[in-house]
1. Enter the accessible area per residue of the chain (Å², integer; probe 1.4 Å; all protein chains in place).
2. Calculate what fraction, in whole %, of the accessible area of the chain sits on carbon and sulfur atoms when a 1.4 Å probe is rolled over the protein chains.
3. With axes computed from alpha carbons, what is the tilt in degrees of helix 15-30 against the longest principal axis of the chain, rounded to the nearest 10 within 0 to 90?
4. Percent of alpha carbon pairs in the stretch 16-60 separated by more than 15 Å?
5. Give the ranking of 31, 54 by solvent-accessible surface, highest area first, calculated with a 1.4 Å probe.
6. Roughly speaking, what is the stretch gain from residue 40 to residue 57, that is 0.36 nm per residue apart minus the C-alpha to C-alpha distance, in nm to one decimal?
Amino acid sequence: MNEDYSRQEKPILDDYQKEEYENQIQYSMEYHLPIKFQLINKGFPKELQGHCVYINSINK
């Protein structure tokens, strides 16, 4: 299978989308709810699941 076929471009988020994601993360932290992230690492998606317990607000 060709690796380039499954590669994805990193999405470009506007300020509204970033704020919405930050609000969802904050909500999940406050109520101890599980959260699911999809990260793009070198063009390949990776899904992470779990609980968020800390956010570095300086580096985001």
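1. I get 99 Å² per residue for the chain.
2. 51
3. 60
4. That tail contains 51 percent of the Cα-Cα pairs.
5. 54, 31
6. 4.0 nm
The values are calculated or read from the model by the stated rules, or taken from the named source; none is laboratory data. Remember, it's a predicted structure, so these values are computed and weren't measured experimentally. Ligands, DNA and RNA are stripped out before the accessible areas are found, and what is left, the full protein with its side chains, is counted by its heavy atoms. Shrake-Rupley method; radii C 1.70, N 1.55, O 1.52, S 1.80 Å.
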